[in-house]
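Notes follow once the structure below has been shown.
What follows is calculated from the coordinates using simple rules that are stated; it is not laboratory data. Predicted, not measured: the structure shown is a model, and the values here were computed from it. A quick note on method: Cβ atoms are made from the backbone with ideal geometry, for glycine too, and the neighbour counts reach across all protein chains shown.
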Amino acid sequence: MKSGGLAGVIENAGVLVDRSRGYWQDFQNWVQLDSSRLSPGRQLAVKYFIVAVILFCAQILFGLLAALQFIFPGFLYEFLDFSVNRMVHINAMVIWMLYGFLGSIYWLLEDESGTEIVGLKYGIWAFWILTGAVALVVLVYLFVQIGAGEDSSLWLINEGREYIEAPRWADFGIVAVVLTFFYNVVATFSKGKWSGIAGVLTLDLVALAGLYVAGMFYMTNITHEQYWWWWVIHLWVEATWEVLVGVIMAWSLMKLLGVRRKIVETWLYIEVALMFGSGILGLGHHYFWIGTPEYWLTIGGFFSALEPIPLVAMVVHAVYDSGAHSFKTGNHPALAWIIAQAFGNFFGAGVWGFMHTLPQINLYTHGTQWSASHGHLAFFGAYATINIAFFYLAIQHWRGDVWMAGGIKHAWRWKWALGLLNVGVLGMTIALLIAGYEQSFVERAVEGSTWGGYFAAQSQPAFQSAMTWRLFFGLITASGLVLLVWDLLTIGKGEERKAEMPQQA
Amino acid sequence: MNETPLWASESFWKKTAIWVTAGSFLILVVLTFDSLKQTTAGTQRVPAYDVINKKIDYQFDKELNKFMPVIGGEELLFGKEFTEEEARELVDLGKKTTQAKNCMNCHTLLGNGAYYAPDLTKAWLDQGWISPEMREDMMIKFLMDPGKNARTYGTGRKMPDLGITETEAKGIVAFLKWMSSIDTNGFPYNFKTLYAED
């Protein structure tokens, strides 16, 4: 070291800090966002959105690495193995979507309750604690990766359970943060005013936080362990998250289109009835093959086959309201993403889920790329889209409620981002579906799921070319994401015209 | 015509939502109690951990029209007869190791997990281990040094070295043997074990 010793290190670090502060200043000057336009509650909301977008980028990056490993198995072997990349890929997804939801709720909370957020200070603490914990968990995932077969590994490194790999210490952090959030929501509505949306949201958050606890136990008996594990995964993704989206969607439609409150709230109740009526017992479609009793074949098959119905209702609701208001909105990108959500949710979660939910079919498709195909379109269609729509709502307000439509300057950016992301994910979905079909036939039906059968299926040209197409469309998705981030940072910059936001009829 | 009919009214759907949700959840809770009872280790569906002392096979049951685990006579693991408590401890070590090593983000267990590596539900019975006599030794060697003992079937997809100790490897083998005895309602279909004659 030239400058020598500790003093040199400190000096270098100081230079580095100064330089990055300079870059940050340059960045802020370039973005030109004025946070004083936001209420304190909304300033907290955009913090969540910023981390959500960063994690979204991480999700895509690690997804690409994992996709590359399907084609070049030696790529990053024993450095960043597939298991690590895939874990970061799906965890980043779950967490960025949660961040998006938390941000969206904080965003609408003051508006919906008509008062300031009660425990804003705690909300800000919770944000920093959660973000610090997420960063630490990811660093441990990347640099420690695995541990010995002891309890301490599950507590400190990785629980090794798909989607909820976060080590146990982080589980407590997550629950604490969600409880803080829950307090803020309830206290704020109590101080201000309650509404149908507020009631549904509150009950849904109770379920959301409560269910997470079901996944916080270690069990030797894998049947029991997977039983509870699905309580968390399924009842989050196929029930409580969907209702949360219903809440966010209801509020957004009022703001974007000026739909009457009575209409969106009636729809919200219909959606809750259909969603929980099919989704809670639809949990049974995960209990076909894990050792649980045979009656789950009937119950799971029947109720999960009903799961698309609320999604049809949501499409009707969104499209009907858009048409009834002649698509008149002050925020075109947000409405476009809302429409993408309605269809994406219906096709990804509804149709793609239904295709392999009956046990007679699932016997062959279970544990194949079918699930990956379904997972990609469903998570994107149901949850990524609504979050992106909300990002556009937020950025519009942050810019000072400026005009955001198809005709604005650089409108190609949001249109191409919309197109590339949707085409990219749809392309990956089709590629994975082809791979899934092939795997079901060769590995499951013909070869009987032996290791030899597994590799025979993985070696088929149809499978391998599907993996190449998946990577190709993954790159399309990534380019769409780059464009989306660029657009979110710049859209409406320098725009003077104010948006004409619809008034409630 | 200005009056909202019952089926379109907000209050009707609010009540429906509450009743449907509460009813569904209640049914789920009742079924959960029953399912957990029927799948406690030591039941018909999920055998006790000392099943690792026995021969386990997986055959098509014509009467039930599905594949079922078949528990046979004695077939000791590592040449030792385990008590139920010893067996539980060994399976527990194996299960914990599969979690600590993040197996589920490449493999599937009971069909759940990632799709980069083979399903482990019936891995104990796989024909890839050639014969019952060679199996234990091959599995231990593979787990401890997967690079050298790679089983890639020409795909080049090798398991990484996960630093699995011999004790942990034995635990994993015990866990896989026990898991292969679970009645999984016929999944996977058409699986031919290394005991099958053809």
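Overview of values
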quantity: Expected 222 nm ellipticity per residue - DSSP helices of 4 or more, -39500 (n - 2.57), all of the protein assembly as shown, to 500; calculated: -21000 deg cm²/dmol
quantity: 12 Å beta-carbon shell around A:Val315, net charge (K/R +1, D/E -1); calculated: -2
quantity: Share of alpha-carbon pairs per 20 Å distance bin for the protein assembly as shown, given as whole %; calculated: 17, 50, 28, 5, 0
quantity: Listed residues A:Ile395, A:Thr477, B:Trp19: farthest to the positive end of the dipole of the protein assembly as shown (Cβ charges); calculated: A:Ile395
quantity: Calculated FRET efficiency for the pair A:Tyr122/B:Ala48, C-beta based, R₀ 60 Å, to 0.05; calculated: 0.80
quantity: Alpha-carbon centroid distance for the pair region A:200-217 / region B:73-103, whole angstrom; calculated: 34 Å
quantity: Paramagnetic reach from A:Asp111 in region A:395-415 [backbone N under 14 Å; point 7 Å along Cα→Cβ]; calculated: A:395-402
quantity: Most positive-pole-ward Cα, A:Ser39, A:Phe302, A:Tyr183, against dipole of the protein assembly as shown from beta carbon charges; calculated: A:Ser39
quantity: Longest DSSP-loop-exposure-free segment, GluC sites (Glu not before Pro), chain B, at most 16 other Cβ within 10 Å; calculated: B:82-196
quantity: Options A:Phe276, A:Tyr287, A:Leu257, ranked by Cα towards positive dipole end of the protein assembly as shown, top entry (Cβ charges); calculated: A:Leu257
quantity: Those chymotrypsin sites (Phe, Trp or Tyr not before Pro) in region A:341-402 that DSSP places in a loop and that have at most 14 other beta carbons within 10 Å; calculated: none
quantity: Test item: Cα-centred dipole of region A:1-69, Lys/Arg +1 and Asp/Glu -1 on Cβ, debye; calculated: 140 debye
quantity: Magnitude of the charge dipole, chain A, Cβ model with Lys/Arg +1 and Asp/Glu -1, debye to 20; calculated: 1440 debye
quantity: Simple spin-label estimate for A:Ala187 and A:Val206 in nanometres, 7 Å along Cα-Cβ; calculated: 1.9 nm
quantity: Pairwise centroid distance, computed over Cα atoms, of region A:440-486 with region B:125-168, Å; calculated: 25 Å
quantity: Selection of trypsin sites (Lys or Arg not before Pro), region B:38-77, meeting DSSP coil and at most 13 other Cβ within 10 Å; calculated: B:Lys62
quantity: Packing-based exposure ordering (other Cβ within 10 Å, fewest first) of B:Cys103, A:Cys57; calculated: A:Cys57, B:Cys103
quantity: Chain B, dipole about Cα centre (Lys/Arg Cβ +1, Asp/Glu Cβ -1), debye to the nearest 20; calculated: 580 debye
quantity: Inter-label distance, nm, simple model (7 Å from Cα along the C-beta direction), B:Thr165/A:Arg21; calculated: 4.9 nm
quantity: Environment charge of B:Pro69, counting only residues whose C-beta is closer than 12 Å and scoring Lys/Arg +1, Asp/Glu -1; calculated: +3
quantity: Long pairs among B:Lys101/B:Lys177; A:Lys47/A:Lys498; B:Lys37/B:Lys101; B:Lys55/B:Lys170; A:Lys47/A:Lys493, criterion Cα-Cα beyond 22 Å; calculated: A:Lys47/A:Lys498; B:Lys37/B:Lys101
quantity: Estimated FRET transfer efficiency (A:Val316, B:Lys141; beta-carbon r; R0 56 Å; 0.05); calculated: 0.40
quantity: Longest exposed-site-free window of chain A, the sites being GluC sites (Glu not before Pro) in a DSSP loop that have at most 13 other C-beta atoms within 10 Å; calculated: A:79-495
quantity: For A:Pro293, net neighbour charge (Lys/Arg +1, Asp/Glu -1) across residues whose Cβ lies under 11 Å away; calculated: -1
quantity: Within straight-line cross-link reach of B:Lys15, lysines at Cα separation under 30 Å, skipping those fewer than 8 residues along the same chain; calculated: A:Lys191, A:Lys193, A:Lys255, A:Lys262
